[in-house]
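Visitor: Below you'll find the structure I mean.
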Amino acid sequence: MNPRLAQLQPYPFQRLRALLAGATPPADKAHINLSIGEPKHPTPALVEQALIANLGGLSQYPATLGSEALRQACAAWMRRRYDLNLDAQSEILPVNGSREALFAFVQTVIDASVEPAPVVISPNPFYQIYEGAALLAGAEPYYVNCLAEQRFQPDWSQVPETVWRRTQLVIVCSPGNPTGAVMSLADWETLFQLSDRYGFVIASDECYSEIHFGRPPLGGLEAARKLGRGFERLAMFTSLSKRSNVPGMRSGFVAGDAALLAKFLLYRTYHGSAMSLAIQAASVAAWNDEDHVESNRAQYIAKFDAVTPRLAMGLEVRRPDASFYLWAKVPDGNDVDFAKALFAEEHVTVLPGSYLARDAHGVNPGAGYVRVALVATLEECVAGVERIVAFAERRQRQTP
């Protein structure tokens, strides 16, 4: 077996299941799950109709490069969304969701033959795939803490020169999971300057970019163009899962540096990760329509408007820059105990923030926080937050 598999840590939801396994929540309270970031809004009818109309595509092998129609739809969306004119042939590559793409991209970029071992830098807290992909590529993960006093953005000045010299890839997530923080143009300029100095590649995970509050988040390629740069050593990753409520379609695309994408296409051709033609047709319909995205966004805004002020009465929390998460600080600082007792007493599930981070530089930056995913119905989110606040107030009264 691949010995690197032994380095992988349990997935956060595996740890959450183990944490809650012995708890017996009250039977008279329906379970409200606010832990998993899985969109629950209905799939748009136009996507379903396109999928059904193109089921004949199941009889054909698809090309890894994707259809011309899909790549053109992705390029047209990039023009509308970011005012960028990308070459649909060389600067866009359809992928089976951002998870598959991020993992495969790390395997493509990392040269594990060098000594000392290469480094992959990621934010902390982070999406688990970043770490697993780095480890299985033979790289050493290096975590840059995202703390409240830094606007939940990585403080690149804390990375030692010796680490930068070994760094082959930096992964960023904007809007961030779990904090919802968005990188500014100044943040991007700093990172680009570091990339120019040390030669590392930047992978920008932007799968939450369309869940915002009226101010579309700045994207990595957009930032490069605003700063008068090309896309060298830069790739952005986006997905239909959150934007269009189709997580089961596993559809997204990567855009950016044509030289990087050519090597990535070569890797994925051997990796066997071509998207079904039926899914491609449904994806074209999704990328070409914005009405369902605006409706989806309005539903999330209504939930944030309804629950954020109420949750702030029990936990320290603010509306994020974007995404559908609330990153809430628990009163006593023990996120794991808070999540376990909340489930046992109120039958509400949230994710301990420490499960999304690693101990780094003397601290776990997720400790003391819980991630609340507002993916359930408005009524469930409101009811869940009411229970969380009641639990937090009761817990504070019981604290000596």
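The values are calculated or read from the model by the stated rules, or taken from the named source; none is laboratory data. This is a predicted model, so every value here is computed, not measured. To get the accessible areas, we keep the full protein, side chains included, count just its heavy atoms, and leave off ligands, DNA and RNA. Shrake-Rupley method; radii C 1.70, N 1.55, O 1.52, S 1.80 Å.
Visitor: Could you let me know the centre-to-centre spacing of segment 1-50 and segment 183-213, using Cα atoms, in angstrom?
Guide: One Cα centre to the other: 28 Å.
Visitor: Something else now. Output the DSSP H helices from the chain with an along-axis C-alpha extent of no less than 24 Å and a mean Kyte-Doolittle hydropathy no less than -1.0.
Guide: 291-311, 378-398
Visitor: Next question. Given segment 256-400, what whole percent of its Cα pairs are spread farther than 18 Å?
Guide: Of all Cα-Cα distances in segment 256-400, 67 percent exceed 18 Å.
Visitor: Suppose we take every Cα in segment 73-120 and form the convex hull; what volume per residue is that in Å³?
Guide: Convex hull of Cα atoms, per residue: 115 Å³.
Visitor: Sorted by accessible area (1.4 Å probe), largest first, how do Asp291, Asp305, Asp28 line up?
Guide: Asp28, Asp291, Asp305
Visitor: Right, something else. For segment 262-329, compute Rg over Rh where Rg is the Cα radius of gyration and Rh is the Kirkwood radius from the inverse mean 1/r over Cα pairs.
Guide: With Rg and the Kirkwood Rh in hand, the quotient comes to 1.23.
Visitor: Counting only residues 5 or more places away or on other chains, whose amide H sits under 5 Å from the amide H of Val119 once H atoms are built in the peptide plane?
Guide: Amide H to amide H, under 5 Å and 5 or more residues apart or across chains, Val119 pairs with Glu140, Thr167, Gln168, Leu169.
Visitor: Sequence-distant or interchain residues sharing an amide H contact under 5 Å with Cys173, placed H: which?
Guide: Answer set, sorted by chain and number: Asp205.
Visitor: What accessible area per residue comes out for segment 126-199, rounded to a whole number of Å², with a 1.4 Å probe?
Guide: Heavy-atom SASA per residue in segment 126-199 reads 36 Å².
Visitor: Oh, and also: List, in the order given, every pair from Lys29/Lys340; Lys242/Lys340; Lys40/Lys329 whose Cα-Cα distance in the structure shown is over 20 Å.
Guide: Lys242/Lys340; Lys40/Lys329
Visitor: Roll a 1.4 angstrom probe over the protein heavy atoms and tell me the percent of accessible area of the chain that is carbon or sulfur.
Guide: The computed percentage sits at 53.
Visitor: Can you run phi through the Karplus equation (6.51, -1.76, 1.60; θ = phi - 60°) for segment 31-42 and list ³J(HN,Hα) in whole Hz, with x for Gly and Pro?
Guide: Per residue, the Karplus-derived 3J(HN,Hα) values read 5, 10, 9, 10, 9, 9, x, 9, x, 10, 5, x Hz.
Visitor: Search the structure for amide H atoms under 5 Å from the amide H of Val95, placed 1.01 Å from N in the peptide plane, and list their residues when 5 or more places away or on another chain.
Guide: Gly252, Phe253, Val254
Visitor: Now, a different point. Taking every DSSP beta bridge with both residues inside the chain, roughly what % is antiparallel (nearest 5)?
Guide: Of the beta bridges lying entirely in the chain, close to 50 percent run antiparallel.
Visitor: Show me, for segment 168-176, the HN-Hα J-couplings you get by feeding each phi into the Karplus relation (A = 6.51, B = -1.76, C = 1.60, θ = phi - 60°), rounded to Hz, glycine and proline as x.
Guide: With the stated coefficients, segment 168-176 comes to 9, 8, 10, 9, 10, 9, 8, x, x Hz.
Visitor: Using a 1.4 angstrom probe on the protein heavy atoms only, could you order Ser113, Ser276 from most to least accessible area?
Guide: Ser113, Ser276
Visitor: Could you give the length gained on full extension between Ala302 and Arg225, defined as 0.36 nm per residue of separation minus the Cα-Cα distance, in nm?
Guide: 24.4 nm
Visitor: Write down the radius of gyration of the chain and its Dmax, each obtained from C-alpha positions, in Å.
Guide: Rg then Dmax for the chain, in Å: 21.1, 67.
Visitor: From largest accessible area down, sort Arg81, Arg394, Arg250, Arg17; use a 1.4 Å probe on the protein chains.
Guide: Arg17, Arg250, Arg394, Arg81
Visitor: Given the DSSP H assignment, sum -39500 (n - 2.57) over each helix run of at least 4 residues in the chain and divide by its residue total; what's the result at 222 nm in deg cm²/dmol, nearest 500?
Guide: Mean residue ellipticity, 222 nm, calculated: -13000 deg cm²/dmol.
Visitor: Using a Cα-Cα cut-off of under 17 Å, which aspartates and glutamates could be cross-linked to Lys263, ignoring same-chain neighbours fewer than 8 residues away?
Guide: Within reach: Asp87, Glu91, Glu100, Asp111, Glu232.
Visitor: Could you let me know the centre-to-centre spacing of segment 123-145 and segment 300-339, using Cα atoms, in angstrom?
Guide: So the two Cα centres are separated by 26 Å.
Visitor: Any chance you could list P(r) for segment 182-330, counting all Cα-Cα pairs in 10 angstrom bins from zero, rounded to whole %?
Guide: For segment 182-330, the pair-distance distribution reads 10, 30, 32, 22, 5, 0.
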